[in-house]
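To start, the structure under review is shown below, and the notes come after it.
The values are calculated or read from the model by the stated rules, or taken from the named source; none is laboratory data. For clarity, every value in this text was computed on a predicted model and none was experimentally measured. Every residue, glycine as well, gets a Cβ built from its backbone with ideal geometry; the counts of neighbours run over all protein chains shown.
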Amino acid sequence: GIYKPGDKLPSEGDLCKEFNISRITVRNALSELVKEDILCKKRGKGTYVTIPERIEATCAGNSFTNSCHRINAKPSTKIISTTIEKANKYVSEALNIEPEEKIICIKRLRLIDDVPVIFEVDYFRIDYMFLLKEELEDRSLMEVISKNISTLPKRVENIFEVKHSNKDYSGHLKCASNMPLLKVRQLVYTENNDVLYYNEQFIRSDKYKYAVSAEI
């Protein structure tokens with residue numbers, strides 16, 4: 001069969017029957033693939049296809065979709081929910097609006113080669129109502145925004161911290177509960193230095209990493 005990153009392989013006994021070979025041949029083949037980091041063994045669970053790490057170089061306007069294309073990986077996005085909510089204190093300050101003012105909240109799951117790596121929550125001012133009418137599945141938000149308004153993103157500010165996964169994040173990211181995640185709080189600015197939107201990203205740091213470079 002064809003197995004994707006993260007898939008569990010059949011047992012040694014099942015592989016012996018499928019390919020009509022001895023158990024020692026199967027065991028040796030699996031050991032070699034583990035050495036080459038193609039497979040990984042999990043004690044008490046079985047053998048799995050290794051999920052490769054992905055590295056993101058941070059820079060202004062560097063979208064998830066473009067980053068995946070640069071490393072020849074397939075990006076995809078699943079929309080978890082699109083709602084109108086009241087802004088909490090932190091979000092209202094980030095968007096420069098009044099507390100409890102209505103905002104648009106979009107929750108998305110970002111995948112690389114069908115492996116979930118980022119749980120993302122995007123916050124927009126209520127005047128971005130056009131987002132509720134757009135098909136957002138497997139589309140870049142930047143692409144949707146640029147199609148509807150003339151103002152384009154110019155720069156981003158990122159704040160990095162570590163946050164332990166909760167039940168909600170773990171369920172979507174398919175990771176252990178309480179696993180350390182890389183949390184990125186991101187402000188996206190227009191060329192007029194106005195806040196375009198604010199988002200929070202919860203990243204499986206064992207599968208997706210940020211590389212930051214700066215001139216000194």
Just wondering, is there one or more residues in the range 183-191 that are under 15 Å from VAL117 (Cα atoms) and in a strand (DSSP E or B)? yes
What number goes with the only condition from (1) in a strand (DSSP E or B); (2) surrounded by fewer than 12 Cβ atoms within 10 Å (Cβ to Cβ); (3) not aromatic (Phe, Trp, Tyr) that GLN201 does not pass? (2)
Within the range 149-174, residues surrounded by 12 or more Cβ atoms within 10 Å (Cβ to Cβ) and in a helix (DSSP H, G or I) come out as ASP168, TYR169, SER170, GLY171, HIS172, LEU173
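The rows are residues; the columns are (1) among the β-branched types (Val, Ile, Thr); (2) outside the structural domain of LEU141 (by TED's automatic domain parsing); (3) touching a Gly at 6+ places or on another chain (Cβ under 7 Å); (4) surrounded by fewer than 17 Cβ atoms within 10 Å (Cβ to Cβ).
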{"position": "THR77", "(1), (2), (3), (4)": "yes, no, no, no"}
{"position": "ILE80", "(1), (2), (3), (4)": "yes, no, no, yes"}
{"position": "ILE84", "(1), (2), (3), (4)": "yes, no, no, yes"}
{"position": "TYR90", "(1), (2), (3), (4)": "no, no, no, yes"}
Evaluation of ASP114 against (1) in contact (Cβ under 8 Å) with a residue 40 or more places away in the chain; (2) surrounded by 13 or more Cβ atoms within 10 Å (Cβ to Cβ) (one fails), failing number: (2)
Being touching a strand residue (DSSP E or B) at 6+ places or on another chain (Cβ under 7 Å) and either charged (D, E, K, R) or within 29 Å of VAL49 (Cα to Cα) (or both) is true for just one of ILE103, ILE118. Which residue is that? ILE118
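A quick yes/no check of all residues on (1) within 17 Å of ILE103 (Cβ to Cβ); (2) touching a strand residue (DSSP E or B) at 6+ places or on another chain (Cβ under 6 Å):
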residue: LEU152; (1), (2): no, no
residue: ARG155; (1), (2): no, yes
residue: VAL162; (1), (2): no, yes
residue: ASP168; (1), (2): no, no
residue: LEU173; (1), (2): no, yes
residue: VAL188; (1), (2): yes, yes
residue: GLU191; (1), (2): no, yes
residue: GLU200; (1), (2): yes, yes
